[in-house]
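Here is the structure we will look at.
Computed from the coordinates by the stated procedures, all read-outs in this text should not be read as laboratory data. Here the structure is a predicted model, which means the values were calculated and not measured. A quick note on method: Cβ atoms are made from the backbone with ideal geometry, for glycine too, and the neighbour counts reach across all protein chains shown.
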There are 2 protein chains.
Amino acid sequence: MPTFPASPLRGGERTGTPAWEPWGVNPADSTFLRACRRQPVEHTPVWFMRQAGRSLPEYLAVREGVPMLTACATPDLIVEITMQPVRRYGVDAAIFFSDIVVPLKAIGVDLDIKPGVGPVIADPIRSPEALAVLRDLEPGDVPYVTEAIGSLVKELGEVPLIGFAGAPFTLASYLIEGGPSKNHDHTKAMMYGRPDLWHALMTRLTDITLAYLRVQAAAGASALQLFDSWVGAVAPDDYRTFVLPHTSRIFAGLADLGVPRIHFGVGTGELLGLLGEAGADVVGVDWRVPLDEAARRVGPGRALQGNLDPAILLAPWEVVAPRARDILARGRAAEGHVFNLGHGVLPSTDPDQLARLTALVHEESAR
Amino acid sequence: MPTFPASPLRGGERTGTPAWEPWGVNPADSTFLRACRRQPVEHTPVWFMRQAGRSLPEYLAVREGVPMLTACATPDLIVEITMQPVRRYGVDAAIFFSDIVVPLKAIGVDLDIKPGVGPVIADPIRSPEALAVLRDLEPGDVPYVTEAIGSLVKELGEVPLIGFAGAPFTLASYLIEGGPSKNHDHTKAMMYGRPDLWHALMTRLTDITLAYLRVQAAAGASALQLFDSWVGAVAPDDYRTFVLPHTSRIFAGLADLGVPRIHFGVGTGELLGLLGEAGADVVGVDWRVPLDEAARRVGPGRALQGNLDPAILLAPWEVVAPRARDILARGRAAEGHVFNLGHGVLPSTDPDQLARLTALVHEESAR
């Protein structure tokens, strides 16, 4: 097991007795949640998409011989893997360890996650009849989610837990293509060519996603992120017609919970305004659009999350530091800023880089 | 073999005696080249990226049992495959049948194009020593290119031929990763972490690309397109630092030839201004940015090319037609417009859709 980093990680203190008395043990007043709500913060909060997994040796150790979907259905493993980056980096939020296809698997869709490939669907959905497999999700379908989140909330103390789900477009792409896709050919063929079937599928996925996110909030998640990873493949007018009605319904359906709602996709420079318009409190930005420009596109009343190119972390620290500072500076143009990468941590990332980055964000932004 | 489409394809006439007397037999006054030069045209010219290949049954027939790199080095096949879409669709320009790795193969890089995968490099370039393989390209390295273009120019008559090359960033990505890549991890690691090596590699690729494009122009190509397919993965500031100096040198090095220079990449909404700034006469636009907005980003003094989502062609014609009309209407905001797709023709595309689309563009824009 790697040693705990010796650098002056502010958050490292949290793994022992909570040292941050101002926040108490309830995450409601945490820096992360305050930034999401566009309230004043003492420092810019930071977490990393895919912080739990892949690049961490302690993750690879506990996952050895355990298939991904098994790990996602085993509360003890979920808790351990979710906690690992919190212990190591002292990030300001934990994100529930899972995968976006978990709710689909839970309602009986025949799928698997193949190493080096991704989700693979046994029977791609391309007809009205195929929709029948997409029944409603009940809390009883995902008992391991409820149990793991319950345990995590106790263990995390004042560190907030982010729950998440895949957004309908991205789930639809996997279901229609049968797996990962470069061009989303079949997905768009249905979207453009069979809009009735498309909207029926998206409606089913919206119901499932909404129910799944509500399960996570009921179990204690303090924030909810909707990952629409592949929606950047869609032009803005098409987003408005084929996607926005569904994502809007999800965010509206979460409004009564009072938890911040985060919305993220890759390559969404043209869609940033619409991602906010869908009803998100926080809009995630990849590395292609500087945060000050993103703030202009998203408009007032929303916080931003992002946006260091994850590949930058493969360069020496001397290259990383000034870029992180630049992002903090540009992030001041937003009403609230949660520091993150512009996409998930790359598997070859040195965890020490993320530890130093966490410290830098905390120290620089507190000045 | 499919029958030649019976629809009133203006360009279909060209396969017999040239019927367009105003243009004579020299492509210099062709609609395509005039649009590239932002001169008045009688109708909007149209061609399709990847029009030669993949979706055409006559292409699959001549390629049967012939590896891609063999086809790219066989003048008779190059000519036949390049002519196929001109005969079938009556498009306003032919594009030389080849692959962006052909010049690398020609100078001795150990690579292959694997079906269903793409270019695969035997020894990825990740050290200064590895650069040695990238020697200068001489016309004698690609005799089949010179021969094929010579034959094509005669056979095409008044239809202009577009030569092309891969841009240094995209070539660098294949060389560094060793093949196609989702995140360009190694590429960016070198770009950010070893800028000296990065620029040395880009300089070598720029020399090779420039020489290769000049060979094509010398052989008779009437326009040159630089494909930087994957550069949309780079943020604007990084494009300016790590890519622009090299693409600028290519376009400057072609200026004396007097042929229109086209610059295209996917997901380049944030880079459109810089793609023009690099020195292109025509900036290609994918489907994510409407052409009127693209005209604003690119600014005056350049024509635009694009930008129908290739996936739209998988939908019924009733869906395609209004979208094509919308693109023609928005294209009027540009000083010159060459109709095209926003990326290459998808393999599952019905050729009849492209035939109807060609006819629609010609008819609607001539009104």
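Summary of values
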| read-out | value |
| --- | --- |
| Intensity falloff of the protein assembly as shown expressed as log10 I(q)/I(0), Debye formula with alpha-carbon point scatterers, at q = 0.06, 0.07, 0.11 Å⁻¹ | -0.37, -0.51, -1.19 |
| Distant-in-sequence amide H partners of B:A303 (H built 1.01 Å from N, under 5 Å) | B:V282, B:V283 |
| Amide proton proximity set for B:A223, modelled H, under 5 Å, gap of 5+ | B:L161, B:G163 |
| Beta bridges per DSSP with both ends in segment A:10-366, % antiparallel, nearest 5 | 15 |
| Kirkwood Rh in Å, taken over all unlike Cα pairs in segment B:128-283 | 16.1 |
| Placed amide H near B:G166: partners under 5 Å, 5+ positions off or other chain | B:F227 |
| Alpha-carbon Debye profile of segment B:252-330, log10 I(q)/I(0) at 0.22, 0.27 Å⁻¹ | -0.96, -1.24 |
| Rounded to the nearest 20 debye, dipole of chain A from Cβ charges on Lys, Arg, Asp, Glu | 540 |
| DSSP-defined beta bridges in the protein assembly as shown - what % are antiparallel, rounded to 5 | 15 |
| Spatial extent of segment A:228-367: Rg and Dmax, with the Cα atoms as the point set, Å | 15.5, 45 |
| Least to most buried among B:C72, A:C36 (fewest other Cβ within 10 Å first) | B:C72, A:C36 |
| Between segment A:75-148 and segment A:238-273, the Cα center-to-center distance that results, in Å | 20 |
| Set of lysines near B:K188 by C-alpha distance (under 17 Å), chain-local residues within fewer than 8 positions excluded | none |
| Sites B:H199 and B:K114, calculated FRET efficiency, Cβ-Cβ separation with R0 30 Å, nearest 0.05 | 0.50 |
| Whole-Hz ³J(HN,Hα) from phi, Karplus 6.51 cos²θ - 1.76 cosθ + 1.60, for segment A:319-328, glycine and proline x | 7, 5, 4, x, 6, 5, 4, 4, 5, 4 |
| Computed over segment B:38-148, the ratio Rg/Rh where both radii use C-alpha atoms and Rh is Kirkwood | 1.05 |
| Exposure proxy ranking, count of Cβ atoms within 10 Å, fewest first, for B:R330, A:R204 | B:R330, A:R204 |
| Inter-chain shielding of A:188-196 (mean C-beta neighbours from other protein chains, 10 Å cut-off) | 5 |
| Normalised convex hull volume, chain B, alpha-carbon set, Å³ per residue | 122 |
| Sites matching GluC sites (Glu not before Pro) across segment B:37-101 that sit in DSSP coil, with at most 11 neighbouring C-beta atoms within 10 Å | B:E64 |
